[in-house]
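As structure tokens, the structure follows; a few thoughts come after it.
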Amino acid sequence: MHTLASTGRRASLFVMSLALAGCASGLNKLKPSSTFAFTEGVSYGPNPRQKVDIYRPATPAPAGGWPVVVFFYGGSWHWGNRAEYTFAGEALASRGVLTLIADYRLYPEVRFPDFLDDSAMATAYALREAARLGGDPKRVYVMGHSAGAYNAAMVALDERWLKAQGQSPASLAGWIGLAGPYEFLPISNPQAQVVFHHPDYPPGTQPIDYVRRGTPRAFLGAAHNDHLVNPVRNTEQMAERMKAAGIPVQLKLYDGVDHVTLVASMAWSLRWMSSVLDDVSAFMRQEPQAPSTASR
């Protein structure tokens, strides 16, 4: 992405992604098991990567059902799998959110825009099946971290992807982006370059270009200390664009975490690092706000 301006930073992205994968093994082992009921590997499409793990809260569902979120992990569209994010499924379920952790196809199997087709398919599955799973079909959210936040943003803002699945972004209650890249051309990171057909970038790759009145409200979070995805150019600029369009948006920049530990701090053993879990779960429990109440 554009913020990875040097070989050192590109190497850092790879190392930090591997660190998160390694860290996840420990975080997943330390998670509580009494806060959720687990269903593994539910197919939302025919490809082996088109599966979700489902985390149902252990607490009784409120009237109308639990809020529902489809979570997309990061990894520069090159790596990641849903089993590494059990800590995130447990975290959100512990706050009363029915959570689907989604796999999607990765490079080199696919490049842009195929992983967005997968993300939209997973989201359409959640919209169709929410009530059957105990969720509230009127409170379905998409959420992601890093590259996964890009996927969530595109599904929520660019109607092409859900429309192809017989759904619409208007059916979403909102979206949540953590440390996401939303405006990143030209691309300097070789791993992201190959995903986005560098140097012949297809049109319509930037989430920020799809912000318009009527798109779903958002919670945007990032670390102040994020040297991999610039929080000013991406998270703050996206919040300003949404605010200017009259879309309710909550923006929070976190101290004491970085690009990776922002999402890792959702884990049971690391929640002392940031309030991100409480913040995003509170956002999903809120009723949709009027545009005039959009906040920074």
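The values are calculated or read from the model by the stated rules, or taken from the named source; none is laboratory data. Given the structure is predicted, the values throughout are model-derived calculations rather than measurements. As a convention, Cβ positions derive from the backbone with ideal geometry for all residues, glycine included, and neighbour counts pool all protein chains shown.
Of note:
- Listed by first and then second residue, the pairs with beta-carbon distance under 9 Å, at least 6 apart or on different chains, first residue in segment 267-278 and part of a loop (DSSP other than H, G, I, E, B), second among the charged types (D, E, K, R) and buried (at least 16 other Cβ atoms within 10 Å of the Cβ), are A267/K31; A267/E90; S275/K252.
- Condition check for P216: touching a residue at least 60 places away in the same chain (Cβ under 8 Å) and farther than 15 Å from M242 by Cβ: no
- 1 or more residues of a type in the set (G, A, S): qualifying strands (runs of 3 or more DSSP E) within segment 43-140: 98-102
- Only one entry in Q191, Q250 is of a type outside the set (D, E, K, R), outside any loop (DSSP other than H, G, I, E, B) and modelled with pLDDT under 95, namely Q191.
- Segment 82-101: number of residues that are over 15 Å from F283 (Cβ atoms) and among the polar types (S, T, N, Q): 2
- Filter result for the condition that a residue is surrounded by 16 or more Cβ atoms within 10 Å (Cβ to Cβ) and modelled with pLDDT of 95 or more, over V263, V232: V263
- Qualifying position, being surrounded by fewer than 17 Cβ atoms within 10 Å (Cβ to Cβ) and either of a type in the set (S, T, N, Q) or in contact with a Lys or Arg (Cβ under 6 Å, 6 or more places away or on another chain) (or both), among W272, W268: W268
- Some residue of segment 214-229 being at pLDDT 95 or above, surrounded by fewer than 20 Cβ atoms within 10 Å (Cβ to Cβ) and assigned to a strand (DSSP E or B): no
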